[in-house]
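The values are calculated or read from the model by the stated rules, or taken from the named source; none is laboratory data. Nothing here was measured: the structure is a model prediction, and the numbers come from that model. Using ideal geometry, Cβ is built from the backbone for each residue, glycine included, and neighbour counts are taken over all protein chains shown. For the accessible areas, the whole protein counts, side chains as well, though only heavy atoms, and no ligand, DNA or RNA atoms are used. Shrake-Rupley method; radii C 1.70, N 1.55, O 1.52, S 1.80 Å.
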Amino acid sequence: MFESENVYNEQLKVELPRGITIFVKREDLLHEEVSGNKFRKLKYNILKAQELGYSKLLTFGGAYSNHIAATAAAGRICGVETIGIIRGEELENNYTGNPTLTKAVEDGMTLGFMTRTEYRSKGEVEIIDRLKARYGDFYLVPEGGTNAEAIKGTEEILKEGDEAFDYICTAVGTGGTIAGIINSSHQNQTILGFPALKGSFLYEDIRKFATNDNWDLVLDYHFGGYAKYNEELLSFLRELYRLTGVLFDPIYNGKMIYGVLEEIKKGRFKDNSKILVIHTGGLQGWNEKINI
Ligand SMILES: *Cc1c(COP(=O)(O)O)cnc(C)c1O
């Protein structure tokens with residue numbers, strides 16, 4: 001599945017001041033079921049798991065996690081068993097209305113549920129050992145999917161020709177996507193990350209993986225925190241879709257593109273800047289909710 005490359009850069013048809021242009025890298029079109037950056041982050045993890053002879057892959061996530069959805073679908077397609085450990089044990093017998101988990105189970109994922117307290121310590125050896133006793137040996141992918149293999153995958157987002165852009169903008173969750181982009185960027189480019197959550201700790205997380213310092217975070221567009229958004233953001237995204245035909249999700253990419261347009265007004269970008277924004281995907285389920 002990891003050969004498919006349907007991505008192109010599309011000009012965003014909005015009026016912009018001072019000769020500035022925005023192009024959107026349509027990573028959302030990368031794969032029907034495993035969209036955008038989750039595809040990039042899983043690629044070398046799944047290849048490595050297979051190479052090392054693991055038949056099972058275990059990972060963690062929230063009940064609406066794009067990472068859980070992507071892992072389940074990729075596992076089905078690649079013939080790797082998947083186990084998803086979900087935050088919140090109250091969901092254990094109560095997720096029939098949850099499209100992410102329902103689809104994950106249809107894709108063959110085995111779900112396990114953890115209390116929020118235990119979930120906070122999920123990286124600890126005793127907990128991993130307990131999971132191994134329960135599910136058998138597995139290849140572990142961390143929550144959000146960010147590790148060295150994931151960065152190898154996100155380093156493949158930028159392509160030949162993208163060095164023509166002055167700025168590259170992307171949404172940030174754990175920082176794995178922006179780290180890969182930073183590593184494959186050119187020194188004359190500025191990479192700007194727009195965190196989808198309140199998180200100045202992200203500077204440190206990104207530095208762990210980034211091999212260049214031509215980047216910064218714009219912290220003002222989290223809309224109250226992870227998975228929080230408001231009617232203003234939703235109506236902005238509806239209007240943008242009507243104008244351009246490109247739909248952005250309100251959890252990650254919507255906050256980023258909102259932030260980019262605000263920062264253009266505030267004068268952060270130089271005259272005649274060529275800006276590339278990465279559409280990292282994450283759209284399933286949003287068509288109806290955004291009510292386009
Ligand atoms: C997970 C996710 C992100 C965040 O990626 P990180 O590598 O964790 O920073 C951004 N956009 C979408 C659509 C996602 O699903």
Can you pull out the residues in the range 269-288 that are open to solvent by 20 Å² or more (accessible area, probe 1.4 Å) and either within 14 Å of the ligand (Cβ to nearest atom) or in contact (Cβ under 8 Å) with a residue 40 or more places away in the chain (or both)? K270, D271, N272, K274, L283, Q284, G285, W286, N287
Could you tell me whether any residue of the range 183-190 is within 12 Å of the ligand (Cβ to nearest atom) and more than 18 Å from Y44 (Cα to Cα)? no
Hey, Y64 over 30 Å from D162 (Cα atoms), in contact (Cβ under 8 Å) with a residue 60 or more places away in the chain and touching a Phe, Trp or Tyr at 6+ places or on another chain (Cβ under 9 Å) or not: no
Whether any residue in the range 146-159 is within 16 Å of the ligand (Cβ to nearest atom) and of a type in the set (S, T, Y) is what I want to check. yes
Taking the residues in the range 43-61 that are hydroxyl-bearing (S, T, Y) and open to solvent by 10 Å² or more (accessible area, probe 1.4 Å) as candidates, determine which candidate is farthest from the ligand (Cβ to nearest atom). S55
Going through R40, R18 one at a time, which residue ends up being part of a loop (DSSP other than H, G, I, E, B), at pLDDT 95 or above and charged (D, E, K, R)? R18
Exception for Y64 within (1) assigned to a helix (DSSP H, G or I); (2) within 13 Å of the ligand (Cβ to nearest atom) falls at (1)
Filtering the range 43-61 down to residues that are aromatic (F, W, Y) and part of a helix (DSSP H, G or I) yields Y44
R238 is checked against (1) outside any helix (DSSP H, G or I); (2) farther than 13 Å from T170 by Cα; (3) away from the ligand (no atom under 13 Å from the Cβ) and fails just one. What number does that condition carry? (1)
Scan R40, R87, R26 and give me the residue that is without any contact (Cβ under 8 Å) to a residue 40 or more places away in the chain and either within 13 Å of the ligand (Cβ to nearest atom) or surrounded by 16 or more Cβ atoms within 10 Å (Cβ to Cβ) (or both). R87
